[in-house]
């Protein structure tokens, strides 16, 4: 895998929801190689014309570009928000061993097809 094939995905999650199960599902299904669960963060955002504040958990997901569509579908299936954050950031460089591990952990799309 090259750096251009690796991506980092940011997802926020409500602090009282089962974020561990959500993360474990994403990794277990091969949508992600790793999910970091950060402690509570404070979010201030505009929603339906109003400025809102909420406590959330920030998830940092490491995967490959070829898995983003599957990840997006699973987040839509599993996430409690109607409009969950899902922001995909390109990886511009990285340790080749780590990038290879992401590829191995998420499987090559031509070798391990996504379940429907």
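The values are calculated or read from the model by the stated rules, or taken from the named source; none is laboratory data. Just so it is clear, the structure is predicted and the values come from calculations on it, not from any experiment. Please note: Cβ atoms are built from the backbone with ideal geometry, for glycine as well, and neighbour counts cover all protein chains shown.
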Identify all residues within the stretch 49-100 that are in contact (Cβ under 8 Å) with a residue 24 or more places away in the chain, assigned to a helix (DSSP H, G or I), in contact with a strand residue (DSSP E or B) (Cβ under 9 Å, 6 or more places away or on another chain) and closer than 12 Å to residue 6 by Cα; write none if there are none. 65, 67, 68, 99
In the stretch 17-28, the residues that are over 16 Å from residue 80 (Cβ atoms) and either exposed (fewer than 11 other Cβ atoms within 10 Å of the Cβ) or modelled with pLDDT under 95 (or both): 28
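Could you say which residue among 57, 72, 50 is buried (at least 16 other Cβ atoms within 10 Å of the Cβ) and modelled with pLDDT of 95 or more?
Values: 72 fails: buried (at least 16 other Cβ atoms within 10 Å of the Cβ); 50 fails: buried (at least 16 other Cβ atoms within 10 Å of the Cβ).
After applying the criteria, what remains is 57.
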Scan the stretch 30-47 residue by residue and report those that are out of contact with any strand residue (DSSP E or B) (no Cβ under 8 Å at 6 or more places or on another chain) and buried (at least 16 other Cβ atoms within 10 Å of the Cβ). 30
